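Presented below is the structure to which this report refers.
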Amino acid sequence: MKQRAVVALLLSTLMTFLLGGVAHAQPTKKVWRIGYLSGQFGQTELSRNVVRGLRELGLIEGQNIGIEYRLAMGRNERLNELAEDLVRSGVDLIVTEGTPSTQAAIRATKGTIPVVFGSMQDPVEKGFVASLARPGGNVTGNALIGDHIKPLALLKEAVPTVSQVAFVYDPATRPGEYGQAKLAELRNHALTLGVAIRPVALRSPADVERTFTDLAGDIDGSCLRTR
């Protein structure tokens, strides 16, 4: 349900761009080209739902829209190159998945092509949009409002003996996505609960199994918080 809600909001944004202005000028002749930029290894649930949702709204790949996929396959250093390739290919809009992809698309488009992020934690803090109510510029999308303090309190209530919580994160999205100030706030609140927060960087898919194995052995109670 959460995934479908995210996609519904994204599709609403896409319709604003695709059908709002010049899109009405050539409703039957124009084949709108959407670029999809992601650091993932292949198609994700978000990308598949976007295609399904567009189809439900009458925008069908191969008929009145074309989708150009650019996937970094876990190599975020390639995102700038892939984003520039999308711009050169002449897409009408770029959909991004994740903070690094959005950063790359913004750099490559230079304000000339609409960029829609699939979901984003604190886009205002990152400087991607001016505000949630009025994004401004060429960037918009789904903003996720994160609250890690309440879940931590619920965890402590459910497991009173917990003394350490690992905060597992992707350093490619830090400090922007979570923010050092918010991490400090979480740590300060955790201290009032008698809990220590341990940030753990997860740098690549190959690190997943080793990281969680190490955490299971290092942290009493193996209580993990992931991002």
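Where a number appears in this text, it was derived from the coordinates with a stated rule and is not lab data. Only a predicted model underlies this, so the values are computations on that prediction, with no experimental measurement involved. Note that each Cβ is placed from the backbone with ideal geometry, even for glycine, and that neighbours are counted across all protein chains shown.
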Residue 131-residue 73 pseudo-label distance in nm [points 7 Å out on the Cα-to-Cβ vector]:
4.5 nm
Tell me, in nm to one decimal, what length is gained between residue 208 and residue 52 on full extension, where the rule is 0.36 nm per residue of separation less the Cα-Cα distance?
53.1 nm
Going by C-beta contacts inside 10 Å, put 167, 117 in order with the fewest on the left.
167, 117
Contour minus Cα-Cα span, residue 189 to residue 33, at 0.36 nm per residue, comes to 51.5 nm
How do 96-107, 75-86, 124-135 rank on mean C-beta neighbours within 10 Å, highest first?
96-107, 75-86, 124-135
